[in-house]
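The values are calculated or read from the model by the stated rules, or taken from the named source; none is laboratory data. Note that the coordinates shown come from a computational prediction; the quantities given were computed from them, not determined experimentally. Quick reminder, even Gly has a Cβ in these numbers, built from the backbone with ideal geometry, and neighbours come from all protein chains shown. To get the accessible areas, we keep the full protein, side chains included, count just its heavy atoms, and leave off ligands, DNA and RNA. Shrake-Rupley method; radii C 1.70, N 1.55, O 1.52, S 1.80 Å.
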Amino acid sequence: MHHTRTGRGKPLLLVHGLGGTCHSWDTILQALAESREVIALDLPGHGKTPEEVDSGTFDGLTRSLDKWLGAEDLRGIDMVGSSMGARLVLEMARRGHSGAVVALDPGGFWQGWERTFFRTTITASIALVRALRPALPAITRNVAGRTALMAQLSAKPWALDPAFISQELRALADTHTVGSLVKDLANGENQKGSANTPAPITIGWGCKDRLCLPQQAQRATAAFPKAAMHWFEHSGHFPMWDQPQETVRVILDATSHSLST
């Protein structure tokens, strides 16, 4: 898998969400790199990593990530994930293949109508972004355009950097597997939990998340009852975008236990 490494210190792996890339972490990467060696990857079918035959499913991405961790001798590494990536790092923790884990607004804990809500709203957003792709730089430079495109994902889309948002939306539009992943995530089983994982887990959730709704956090903590819970009061679906300084603090605090081990 394509990945970047920056900083010095104990390694920390960042796993992006649906339609993202390693650059989805640009808002906090340098701050984390002041005290950690930060590894940010592109999942198969995303960014610069070619898709594999099963990259259109969550199980396929799980298989690829697990295999890559073994090949890179990174099993036991501290991990941070966002959205679908948060679910992936929870799965790595469940399997006993991670160090400390921070899962930011993880998918996989929806029920009933929430599944339909996720599928229909994100599918419509993807179609719109693909239709507008040539004009995205201009649209995102406009406060009203940026707010309209990002209202479901950010608590304060007008405050986001236009160039960064344009980059993220283009990555989403260019991810060929995104449609099949949405169907698989919406229709598949919920994320399994385990009370026996040795990894310390912190689950973070934006109080204003309009994609993975805050009520789903209760199911996440029921699945992982030993997990610590952190609420980002002024954040939407991506705390590292809406509350970058708070997110850095949560990540470093949650993973500091292992710095001397």
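Of all residue pairs spaced 6 or more apart or on separate chains, those with beta-carbon atoms under 7 Å, a first member in region 50-79 that is among the charged types (D, E, K, R) and a second member that is buried (at least 19 other Cβ atoms within 10 Å of the Cβ) and part of a loop (DSSP other than H, G, I, E, B) are Glu51/Pro44; Glu51/Gly45; Glu51/Thr177; Glu52/Pro44; Asp66/His97; Arg75/His97; Asp78/Gly99; Asp78/Ala100.
For His46, the criteria (1) open to solvent by less than 10 Å² (accessible area, probe 1.4 Å); (2) on the phi > 0 side of the Ramachandran plot hold in every case but one, which is (2). If the condition is being at pLDDT 95 or above, in contact with an Asp or Glu (Cβ under 9 Å, 6 or more places away or on another chain), under 20 Å from Ala100 (Cβ atoms) and not small (Gly, Ala, Ser), then region 34-83 contributes Arg36, Ile39, Thr62, Leu65, Asp66. Kindly provide the set of residues from region 4-22 that are farther than 12 Å from Glu168 by Cβ and either in contact (Cβ under 8 Å) with a residue 60 or more places away in the chain or charged (D, E, K, R) (or both), ordered by number. Arg5, Arg8, Gly9, Lys10, Pro11, Leu12, Leu13, Leu14, Val15, listed by residue number.
Being crowded, with 18+ Cβ neighbours inside 10 Å, over 20 Å from the mean Cα position of the chain (by Cα) and more than 20 Å from Met84 (Cα to Cα) holds for only one residue in Thr140, Thr147, and it is Thr140. Residues of region 174-203 that are open to solvent by less than 10 Å² (accessible area, probe 1.4 Å) and more than 25 Å from His97 (Cα to Cα): Thr175, Thr177, Val178, Val182, Ala186.
Please enumerate the residues belonging to region 204-261 that are in a strand (DSSP E or B) and surrounded by 15 or more Cβ atoms within 10 Å (Cβ to Cβ). So that I can check it myself, show each step before the final result.
At the first step, the residues of region 204-261 found to be in a strand (DSSP E or B) are 204-206, 228-232.
The answer is Gly204, Trp205, Gly206, Ala228, His230, Phe232.
Only one entry of Arg119, Arg36 meets the criterion of being open to solvent by 20 Å² or more (accessible area, probe 1.4 Å) and touching a helix residue (DSSP H, G or I) at 6+ places or on another chain (Cβ under 9 Å), and that entry is Arg119.
Only one residue in Ala131, Ala103, Ala86 is open to solvent by 60 Å² or more (accessible area, probe 1.4 Å), modelled with pLDDT of 95 or more and at negative phi. Which one? Sole residue among the options that is open to solvent by 60 Å² or more (accessible area, probe 1.4 Å), modelled with pLDDT of 95 or more and at negative phi: Ala131.
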